[in-house]
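**Student:** Pasting a structure below so you can have a look.
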Amino acid sequence: MPSTPASLAEFELLVLLAALRLGPDEAYTVSIADDIEQRTGRSVRRANVYTTVQRLEAKRLVTTSLGEARPERGGKPRRLVTVRPAGVAAVRATAGAIQAMLGDLAHVLGDHR
Amino acid sequence: MTATPRWARRVLMWLAPDGIADDVLGDLEEVRRRRAAAHGPAAARVLTALDVFDMTLALVRARAGELFHRRGSFVQDYKLGFRMLLKYPGLTLAGGLALAIAIGVGAGWYDLAGDLFRPAVPLPGGDRIVEVEMRNSATAQRERRLLHDFVAWRAQAHLIEDLGAYRTLDKNLVFQDGGGVRTEPVTVAEISASAFRVARVAPLLGRPLIDADEAPGAPPVVVLGYTVWQRQFGGRTDIVGTTLRLGSETATVAGVMPQGFAFPVNHRMWVPLQLRGSGYAPLEGPALRVFGRLAAGATQEQAYAEVTALTEREAAASPETHQSLRPRVLAYGGQSPGDRSGFELLLTHVPILLVLVIACVNVGTLIYARTATRDAEIATRYALGASRARIVMQLFVEALVLASCAAAVGLVAANAALKWGVNAYYSGQDGQLPFWINPGLKPTTVLYAIAMTIAGAFILGILPALKATGAHAHAQLKNLGAGGSTLRFGWIWTSAMIVQVTLTVICIPPAMGIAQEALRDRRIRDRFPAKDYLAAAIELDQKIDERPDAFARRRQQTYEALERRLAQEPGVRAITFGDRLPGMSVAVRRAEFEPANGAPLVSIGTLWTTAVGPRYFASFDAPILHGRDFDEGDRRPNARVALVNEAFARQYFEGASPVGRRVRFAAPTAQAQPERWLEIVGVVRDIGMTPTDLGEAPYVFTAASAATTQPLVIGIKAAGDPSALAPRLRAVAAALDPGLRLDEVRTLDALAWRIDVPQMVAAGAIAFVVALGLFLSAAGIFSLMSVNVARRTREIGLRTALGASPQRLLLNIFTRALILIGAGIAAGNAVLLLIVALSPEIDLAEVSGALLVTSAVMLVVGLLACIEPARRALRIAPTDALKTA
């Protein structure tokens, strides 16, 4: 029997979407925070991104790995985020649920896309 | 190179979860550079600071959540802590008791210090209530005959409002009980009506006393306290307006006060203080206490100045009575005005911290030794990836479990001791526990004890844990499998143990002395047949306007009538009275006597004294050895004769008869005149109820009259059980005069036992503390030696293999223990000798025996503690030690 995809909180969904968009070579805390800020227009605390990535890692939805040391980071490496298939399934399930819930509310909410 | 400020790096390194600290710093630096490029370095600095602050908040919140999630591991730590208590019962018992004593003593002192330094009177605006008292500077005594001054102050003082006065009367309350009439003594305040305005507490039923009740000739009324209303009148709601009998008087119930109201001290009923309109002469009338409430805006100092001015005016008018009188305005309950002083804080907290630190250092050595035995376990956990913080936390929780159990025991004991001690103290004073003192630990004290417990656990757990998990842990990792411990007792722990042995050595001689004294006193007192006597304090109601000579006459007649009726009771063999009976609390004074005609006077620092009634000595089977007994003429006010006991003759006249010599009591102050000479007319055999180091205490007896002796304690010698006479004594007294009160009706041995109990308890407590000190010292030495043997397992094995003799081996290992014990004993003896040198009254020859005993006890205890580690060392097989090497 296939396992049920994990349910996601809103910010977890945003982090996973940003990580998917940026890809495994460019998704790290600063870029994920920037991406969410640019697309949603809301201010994002990087500390929240750290703790959310840790939580997603504990749920086995993402893996992280250290990149190379970079001079613009004072010689520190980036922790790169890779979304695992379970993470993709969780995004799909959560996004599907949202779509399903929004489906017949267009007359109330207008065009939400 | 990173330009992120160092403080920010430190904060984030500390807060960031394990493994992401580098990422956090890298991200911070990257963003800072980006901002510096876009907005300039100054703006970047500000924005970075805000960034760090924002991240700190989020990380702290995340950490708090993490802690919450980790509660499971805390539960594990607690379970382990309790298992450790059972696994090391010796440490649990010794360490737990030491901590229980420290926390109990600390909490008790904190509670007591609060009552002493900052008692709070639980009445509305209680901090504005004051007491006005008068002191006689010539006698250094309080002058309580204040009727004259009270009337003047009430009329003229403006800075103290609702000035009132009261005196305490113990009266017999006569009430119906199940169809019969019962009499019970109650504490009544004869008090000004203003008391109820000062207290600002409304009655539960009816009304309080009002000014009209104070008018001479006003119908007598009484206000009942809640307890009396409930207990004696069953809480009847129609009680107001009914009449009751108080002693020989009848009064109408005006009202009932709510539960807990006991103003001015611990009174259960209130009757009006009726004063005559014509005023009073200076120092006329009975003892009174005066109270009031500071007027709005007035300070205690201003009120004091006003009362002082009025008293000075009175001193000018009546110098013979008021020349030496000085008024004082005190905060009610003795509360000192102003903010808490630094000295008060010091006196409150320093003794507590001292006791706690001493106990923690003692127990810390044991915990440290236990940690040393778990060296390998800690190193293994390290190797398996446990963080240092995790291991430190576990050891802290283990110490916290021990300290918490000890604190619970200590608090329960402190609560019981405080209740017993405070009640015993006040019953020894005047039998009244003031309403603002609630014996037992307060909630704030419990919180204080919790803080002490955590602080204690911190010292006990964190210090050894930091040591065990420092660089040493890595060394132990390398040592794993090779056997033996690498943790060692450094100079701090060794010094702590030497101090502990020293303190124990210092405490042994006084403990021995106190215990011996308590046992000796009890043994001597047991020889006296105190169980054959019934004792009771007797007093008669005195009306406020009754003249002293008329009252004295009535008192004499009432006592004589009582004695006549009691003599007719079956089983009564002898009746006498005094201001105290043998075995009751003693009165001591300074005195001087003439050793011979014309010889210089000899001062006596402590002379025991009792005023005795007729047939006192015969009643207590103490015959007159020289001279004569008192006769009726000796009881007149101008008589100047005394009797002394054998002990007096022995100590001051080398056993010769002092009859014909003179003795006098010293003046209470240097300015006052000494009392008049008393001629010694007889010597009486020692009764044997006041033991001292030199045998029975030296006594001077004076002749007492039932008219004036205060207090008047009757002693009845019975043929059988004297307590069977108690109901008859009460019945005879009630029938004779309803205003005749009996207090403390008990057998003499019960009263004497009550005096002995605190001494026995103190001796027991000191003996217990010393025994605990010995046990802790032994446990510390045992720990030191155990760790030493564990550390040197391989070395011992190798030495044994190379043919070292057991004696040499033991000497080599145990030299440190011997040095430690020797240093402790030497230091302890040095301190004791210093005390002897500084105290001329202590004879070196007398204490040298105690010093030898102390040293021997400590040495034996120390060597006993070495036996088990020695056995362990000698059992190390060379082959096993070599295999692991």
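**Student:** Rank these residues by their accessible area, most exposed first, probe 1.4 Å: B:W7, B:W436, B:W109.
**Tutor:** Largest accessible area first, the residues go B:W7, B:W109, B:W436.
**Student:** At 4 °C and 1.567 mPa s, what whole-number value in µm²/s does Stokes-Einstein give for the translational diffusion of region B:539-676, with Rh from the Kirkwood sum over Cα pairs?
**Tutor:** Values: Rh = 17.8 Å.
Calculated translational D: 73 µm²/s.
**Student:** Using only the alpha carbons, work out the radius of gyration and Dmax of chain B in angstrom.
**Tutor:** Both quantities, over Cα of chain B: 36.6, 115 Å.
**Student:** Specify whether the C-alpha gyration tensor of region B:199-292 places it in the rounded, prolate or oblate class, a ≥ b ≥ c being the square roots of the eigenvalues: rounded for a/c under 1.5, otherwise prolate if a/b is larger than b/c and oblate if not. Don't skip to the answer; put the middle values down first.
**Tutor:** Working: a/c = 2.05, a/b = 1.59, b/c = 1.29.
It is prolate, given that a/c is not under 1.5 and a/b is the larger ratio.
**Student:** When the Kirkwood radius is taken over all Cα pairs of the protein assembly as shown, what Stokes-Einstein diffusion coefficient follows at 25 °C and 0.890 mPa s, in µm²/s? The partial results should precede the final answer.
**Tutor:** Numbers: Rh = 36.7 Å.
Translational D for this selection: 67 µm²/s.
**Student:** Can you tell me the mean projection area, over all orientations, of the convex hull of region A:48-113's alpha carbons? Units nm², please. Each step should come with its number before you reach the end.
**Tutor:** Values: hull surface 26.8 nm².
Orientation-averaged projected area of the Cα hull: 6.7 nm².
**Student:** Once the principal axes of the Cα atoms of region B:762-840 are found, what is the range along each, listed largest first in whole angstroms?
**Tutor:** Per principal axis, max minus min of the Cα coordinates gives 58, 27, 17 Å.
**Student:** So, one more: Roughly speaking, what is the centre-to-centre gap between region A:65-92 and region B:260-326 when only Cα atoms are used, to the nearest Å?
**Tutor:** What the calculation gives is 86 Å, centre to centre.
**Student:** I would also like to ask the following. Per the Kirkwood definition applied to all pairs of different Cα atoms, how many angstroms is the hydrodynamic radius of region B:498-555? It would help to have the intermediate numbers written out before the result.
**Tutor:** Numbers: mean 1/r = 0.0593 Å⁻¹.
It is 16.9 Å.
**Student:** To the nearest whole number, what is the average tally of beta carbon atoms from other chains within 10 Å of the beta carbons of peptide A:69-75? Please list the in-between numbers first.
**Tutor:** Values: counts 2, 3, 3, 5, 12, 13, 6.
Taking the mean over all residues of the peptide, I get 6.
**Student:** DSSP loop (so not H, G, I, E, B), at most 15 other Cβ within 10 Å: list which GluC sites (Glu not before Pro) in region B:242-318 pass both filters.
**Tutor:** Loop-located and lightly packed - B:E284.
**Student:** Report, to the nearest whole %, how much of the accessible area of region B:801-885 belongs to carbon and sulfur atoms, 1.4 Å probe, protein only. Could the numbers behind the result be given before it?
**Tutor:** Working: 3610 of 5050 Å².
About 71 percent, which is the carbon plus sulfur part of the accessible surface.
**Student:** What percentages make up the Cα-Cα pair-distance distribution of region A:1-95 when the bins are 5 Å wide from 0?
**Tutor:** It works out to 3, 14, 25, 25, 18, 9, 4, 2, 0, 0, in whole percents.
**Student:** Here is a further query. Show A:V91, B:V151 ordered by accessible area, largest first, where the area counts protein heavy atoms only and the probe is 1.4 Å.
**Tutor:** Details: A:V91 15, B:V151 55 Å².
So, going from the largest accessible area down, we get B:V151, A:V91.
**Student:** Right, something else. Of B:Q394, B:L91, B:A37, whose Cα points farthest to the positive end of the dipole of the protein assembly as shown (charges on the beta-carbon: +1 Lys, Arg; -1 Asp, Glu; origin at the Cα centre)?
**Tutor:** Final value for the positive-end residue is B:A37.
**Student:** Now a separate question. Which net charge results for the neighbourhood of B:Y88, defined as the other residues with beta-carbon distances under 13 angstrom from its beta-carbon, given Lys and Arg at +1 and Asp and Glu at -1? Kindly include the intermediate steps, with their values, before the conclusion.
**Tutor:** Working: positive: B:R83, B:K87, B:R370, B:R374; negative: B:E398.
That sum, taken over residues with Cβ under 13 Å, equals +3.
**Student:** Roughly what % of Cα-Cα distances in region B:98-137 sit above 11 Å, to the whole percent? Please list the in-between numbers first.
**Tutor:** Working: 570 of 780 pairs.
Within region B:98-137, distances greater than 11 Å cover 73 percent of Cα pairs.
**Student:** Restricting everything to alpha-carbon atoms, can you work out Rg to Rh for region B:580-632 with a Kirkwood hydrodynamic radius?
**Tutor:** Details: Rg = 14.1 Å, Rh = 13.6 Å.
Dividing the radius of gyration by the Kirkwood radius yields 1.04.
**Student:** Moving to a separate point now. If you count only protein heavy atoms with a 1.4 Å probe, what accessible area per residue comes out for the protein assembly as shown, rounded to a whole Å²? Show your work: numbers first, answer last.
**Tutor:** Working: 48430 Å² over 998 residues.
About 49 Å² of surface per residue is accessible.
**Student:** Among rounded, prolate and oblate, which fits region B:624-716 when a ≥ b ≥ c are the square roots of the eigenvalues of its C-alpha gyration tensor, a/c under 1.5 means rounded, and a/b larger than b/c means prolate?
**Tutor:** Rounded shape, in that the Cα axes give a/c under 1.5.
**Student:** Okay, moving on. Which value, in Å² rounded to 10, gives the accessible area of B:E646 with a 1.4 Å probe and all protein chains present?
**Tutor:** It works out to around 60 Å².
**Student:** If you put +1 on each Lys and Arg Cβ and -1 on each Asp and Glu Cβ, how big is the dipole of the protein assembly as shown around its Cα centre, in Debye rounded to 20?
**Tutor:** On the way: 109 positive and 91 negative charges, 791 e Å.
In debye, rounded to 20, the protein assembly as shown gives about 3800.
**Student:** Show me, for region B:822-838, the HN-Hα J-couplings you get by feeding each phi into the Karplus relation (A = 6.51, B = -1.76, C = 1.60, θ = phi - 60°), rounded to Hz, glycine and proline as x.
**Tutor:** Running phi through 6.51 cos²θ - 1.76 cosθ + 1.60 with θ = phi - 60° gives x, 5, x, 5, 4, 5, x, 5, 4, 5, 4, 5, 4, 4, 4, 5, 7 Hz.
**Student:** Also, I was wondering about something else. To the nearest whole percent, what portion of all C-alpha pairs in region B:662-743 is separated by more than 21 angstrom?
**Tutor:** Pairs farther apart than 21 Å: 60 percent.
**Student:** A further question on this structure: Using the Karplus equation 6.51 cos²θ - 1.76 cosθ + 1.60 (θ = phi - 60°), what ³J(HN,Hα) coupling, rounded to whole Hz, does each residue of region B:33-44 give in order, writing x for Gly and Pro?
**Tutor:** 5, 4, 5, 4, 5, 7, 10, x, x, 5, 4, 5
**Student:** Given the C-alpha centroids of region B:613-661 and region B:361-397, what is the distance between them in whole angstrom?
**Tutor:** Distance between centres, Cα-based: 73 Å.
**Student:** Set Lys and Arg Cβ to +1 and Asp and Glu Cβ to -1, take the dipole of chain B about its Cα centre, and tell me which of B:V505, B:A735, B:G764 lies farthest positive.
**Tutor:** Checking the options against the dipole of chain B, the answer is B:V505.
**Student:** Oh, and also: Largest first and in whole Å, give the semi-axes of region B:526-571's equivalent ellipsoid, each being the square root of 5 times a Cα gyration tensor eigenvalue.
**Tutor:** On the way: eigenvalues 176, 41, 12 Å².
Value: 30, 14, 8 Å, ordered largest first.
**Student:** Lysines near B:K87 by alpha-carbon distance under 25 Å, same-chain residues fewer than 8 away left out - which ones?
**Tutor:** B:K79, B:K467
**Student:** Please give the Cα centre distance for region B:72-115 versus region B:490-549, rounded to the nearest Å.
**Tutor:** About 29 Å separates the Cα centre of region B:72-115 from the one of region B:490-549.
**Student:** Translational diffusion coefficient, Stokes-Einstein: compute it for region B:704-794 using the Kirkwood radius over C-alpha pairs as Rh, at 10 °C and 1.306 mPa s, and state it as an integer in µm² s⁻¹.
**Tutor:** Working: Rh = 18.8 Å.
Rounded to a whole number, D works out at 84 µm²/s.
**Student:** When only Cα pairs under 8 Å and 6 or more residues apart are kept, what is the percent relative contact order across chain A?
**Tutor:** On the way: 124 pairs, mean separation 33.1, N = 113.
It comes to 29 percent, rounded to a whole number.
**Student:** What accessible surface, in Å², does a 1.4 Å probe find on B:R746, ignoring ligands, DNA and RNA and rounding to the nearest 10?
**Tutor:** Approximately 100 Å² for this residue.
**Student:** Report the charge-dipole magnitude of chain B in Debye, nearest 20, computed about the Cα centre from +1 at each Lys and Arg Cβ and -1 at each Asp and Glu Cβ.
**Tutor:** Values: 93 positive and 79 negative charges, 697 e Å.
In debye, rounded to 20, chain B gives about 3340.
**Student:** Follow-up. For region B:125-220, just say rounded, prolate or oblate: build the C-alpha gyration tensor, square-root its eigenvalues into a ≥ b ≥ c, call rounded for a/c under 1.5, and beyond that prolate if a/b exceeds b/c, oblate if not. Display every interim value, and only then the final one.
**Tutor:** Numbers: a/c = 2.16, a/b = 1.55, b/c = 1.40.
Because a/c hits 1.5 or more and a/b exceeds b/c, region B:125-220 counts as prolate.
**Student:** Leaving out ligands, DNA and RNA, calculate the buried accessible area for the pair A and B with a 1.4 Å probe, summed over both sides, in Å² to the nearest 100. Before the final figure, lay out the partial values.
**Tutor:** Details: alone 7570 and 42700 Å², together 48430 Å².
Summed over both sides, the interface buries about 1800 Å².
The values are calculated or read from the model by the stated rules, or taken from the named source; none is laboratory data. Predicted model only: the values in this text are computed from it and were never measured. All Cβ positions, even for glycine, are placed from backbone atoms using ideal geometry, and neighbour counts span all protein chains on display. To get the accessible areas, we keep the full protein, side chains included, count just its heavy atoms, and leave off ligands, DNA and RNA. Shrake-Rupley method; radii C 1.70, N 1.55, O 1.52, S 1.80 Å.
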